[in-house]
Amino acid sequence: MIAAKHGIIEIMCALESKIHGVIYESNLFNENALHVAVKNRQVHVVEGLRKRLPIEIFRSLSLEMDYKENTILHLVACTTIDNEITAWRISGVGMKIMWDVKWYEVRTHIHACMHTYI
């Protein structure tokens, strides 16, 4: 969870290769590693998990709900105004726009994955 929160994909991959069920672990808020990565806007972690994990596992992690019954789609949709925890800490308008565009691409891909599953 700490690696997902801070965007350390190498540690996540090493743990997943050694302990196969670790990807299904959840924290006290019933959030899995994918929830934590999305909540903390760790785009490269989400993309790394999507590429590394079989599509069925990625979809099942995507459909899991946290303690507030949020899936990752709910967390992706959170705005920085509504949720200060996920607020961007980027200086400069250009950098913020770049990250917003990148996050939109991730959100669109996640939505497409979820749509094909349903």
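A straight Cα-to-Cα reach below 24 Å connects Lys51 with the lysines Lys5, Lys18, Lys39, Lys102, residues fewer than 8 places away in its own chain not being considered. At an R0 of 25 angstrom, the distance between the Cβ atoms of Glu64 and Val101 translates into a FRET efficiency of 0.40.
Summarising the label geometry, the points placed 7 Å from Cα in the beta-carbon direction at Lys5 and Ser26 lie 1.8 nm from one another.
Just so you know, all these numbers are worked out from the coordinates, no wet-lab data involved. None of these values were measured; they are calculated from a predicted model. Note that we place each Cβ from the backbone using ideal geometry, even for glycine, and neighbour counts take in every protein chain shown.
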